[in-house]
Amino acid sequence: MTPPPDPRAGGVVAPTREDPVARAASEVVGGPLGDHARPHRWWTPLRVLLAVACLAWVLAIVQKAPCIRDGWNGEDTRYAQLCYSDLPYLYVGRGFAELEVPFTDSEGRYPDLEYPVLIGYLAYGAAVATQAVHGFPDLSARQAAPVESVGALPGVDQERQDFVAVNAVLLLGLLLLATWLLAGAHPRRPWDAMGMVAAPVLVLTGLVNWDVLPVACVAGAFWAHARGRPLLVGVFIGLGAAAKLYPAFLLGAFLVVALRRRELRGFGLNVAGAAGAWLLCNLPAMLVHVDGWAGFWSFNSDRGADLGSLWLVAREHGWDVGVGTVNTVSTLVFGLVCLAVLVLGLTARRTPRPEQLAFLVVLGFLLVNKVYSPQYVLWLLPLAALARPRWRDLMIWQAGEVVYFVMVWLYLGAFTSSATSGAPDPAYSAAILIRVAAELYLAAVIVRDIVRPWHDPVAPEPIAPDPVGPDAVAPDGGLSPAGSGRTPSR
């Protein structure tokens, strides 16, 4: 019998013909894509992905429905119904109800905004749009009232609720942009972006904070990389770093690739684009009020062990250390992780894909960080979708993330017996460890793909030796196991 054609031989890769889970799931709609199937004229992969992203966002809003019905005022609801979001509470708590411009001097009336500048600008834009919907109410009464009374003034509570709705619309636009960019990160594999848009964690955490913004920037960096535009890669990284710090770590992944391919000029353009974009975003805030701009950095430097971190698990079990020690040890361990990824990338049989290296670096940062908020899982989402586009592995990883998502709200709401007694909460510590184990599983699979590239779903077939990497030609002339005569199971 003639074997089926390799789904990667040309055209768009069909997931139902290369992913066992997708193939099995396709049986409910008639089975895998046939050899002579013709694509739908209108429902292109990109349009399907955009539609799924919209559906996921609708579900994200539905997931917040209990808190929406309570007007974000139910203290127990937000934890018991797992619908907490930072957005409504920051509307009053950071001065957006008074249209206080982020990173300016409020003379002590409000604390400095503890977010990087692009998130501050986005939140302020959403506040302006919210007040435009309400006809730009007179703010003089709010500015004259004590801060603790602003939330009770006429109109503020409704604005606070609408602020969430406005942000949901803005973040949907960013999600659609991220989807479009991620679908183009590998022109022949647009369906890999389904690992992001159909992810349960996107539904659960997408509206907790503004982390979809840096996700779109990360997707843009890989979109630009696929088109050989290193300066634009850097611009996207710089924009992402102006929204959250972690996109800057992508530069390490691109450095490894540049060293392997001897393309340091391209990496120089990455750095130049990143530095220029970051500085352009940050300079206005730095010039207006440098202490306000530095609020993000000082806040993160001064905070201790917090939600989701292994440091919190250690503290819950009696090993509590000072903030300075945590900062030092975290930095050193993260440096070792980066060094390990560098060695892995430089000694691998062929040049690893930058998304594989980026996933390992960002995960290393999250695991040693002092805080691992529930929405930080979004940082890994586009990287995981590109690095390991296999539904089995993505589902195993996200199962651990879902367990943690449920437990963090029960922990904060003191609904577990140990929490109500004031004792350490072993259930929450176990949830943190389950999530870490699931993440390490996915990281191990990605490392395996780098060390043995014939396991990598995105690697070309047959896998040729890297022309500028270590001499790793297998006895059969490629990098697949010698004498196998077939592609190993992926």
Report task. Divide by every residue of the chain the summed helix terms, -39500 (n - 2.57) for each DSSP H run of at least 4, and state the resulting mean residue ellipticity at 222 nm, rounded to the nearest 500 deg cm²/dmol. Result -> -18500 deg cm²/dmol
Query raised in the report: In whole percent, what relative contact order does the chain give with Cα contacts below 8 Å and a gap of six or more residues?
Result: 16 percent
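When you count, for each residue, the other Cβ atoms within 10 Å and take the mean per peptide, how do 180-188, 426-434 rank with the highest first? Could the numbers behind the result be given before it?
Numbers: 180-188: 20.6, 426-434: 17.9.
For the peptides 180-188, 426-434, the packing ranking is 180-188, 426-434.
Looking at segment 86-140, which GluC sites (Glu not before Pro) are in a loop (DSSP not H, G, I, E or B) and have at most 13 other Cβ atoms within 10 Å?
Numbers: sites: Glu98, Glu100, Glu107, Glu114; in loops: Glu100, Glu107, Glu114.
Here the sparse-neighbourhood loop sites are Glu107.
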Query raised in the report: So which chymotrypsin sites (Phe, Trp or Tyr not before Pro) in segment 79-161 are both in a DSSP loop and have at most 12 other Cβ atoms within 10 Å of their Cβ?
Result: none
Query raised in the report: Membrane-span-like helices in the chain: DSSP H runs reaching 20 Å or more (Cα, own axis), mean Kyte hydropathy at least -0.5?
Result: 45-63, 117-133, 156-183, 212-226, 264-288, 323-347, 354-368, 391-412, 426-451
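Using a Förster radius of 56 Å, what is the FRET efficiency between Glu148 and Arg262 based on their Cβ-Cβ separation? Nearest 0.05, please.
Values: r = 61 Å, r/R0 = 1.08.
Calculated transfer efficiency: 0.40.
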Report summary line: On the accessible surface of the chain, probed at 1.4 Å with all protein chains in place, carbon and sulfur together account for a percent value of 65 percent
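In percent, how large is the relative contact order of segment 346-427, given Cα pairs closer than 8 Å and 6 or more residues apart?
Values: 37 pairs, mean separation 19.7, N = 82.
Reported as a whole number, the value is 24 percent.
Over the chain, what lengths in whole Å, largest first, do the semi-axes of the equivalent ellipsoid take, defined as the square roots of 5 times the eigenvalues of the alpha-carbon gyration tensor?
Working: eigenvalues 324, 128, 114 Å².
Each semi-axis is √(5λ); the values are 40, 25, 24 Å.
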Report task. For a quick protection proxy, order the peptides 249-255, 218-224 by their average other-Cβ count within 10 Å, most packed first. Result -> 218-224, 249-255
Query raised in the report: Using the Cα atoms as the points, what is the convex hull volume per residue of segment 316-426 in Å³?
Result: 124 Å³
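Going by a ≥ b ≥ c, the root eigenvalues of the Cα gyration tensor, does segment 176-223 fall in the rounded group (a/c under 1.5), the prolate group (a/b larger than b/c) or the oblate group?
Details: a/c = 3.27, a/b = 1.50, b/c = 2.19.
In terms of gyration-tensor shape, oblate.
The values are calculated or read from the model by the stated rules, or taken from the named source; none is laboratory data. If you're wondering where the values come from, they're calculated on a predicted model, not measured in any experiment. Reconstructed Cβ throughout: ideal geometry from the backbone, glycine too, with neighbour counts over all protein chains shown. Accessible surface is based on the protein model in full, side chains and every heavy atom, while ligands, DNA and RNA are left aside. Shrake-Rupley method; radii C 1.70, N 1.55, O 1.52, S 1.80 Å.
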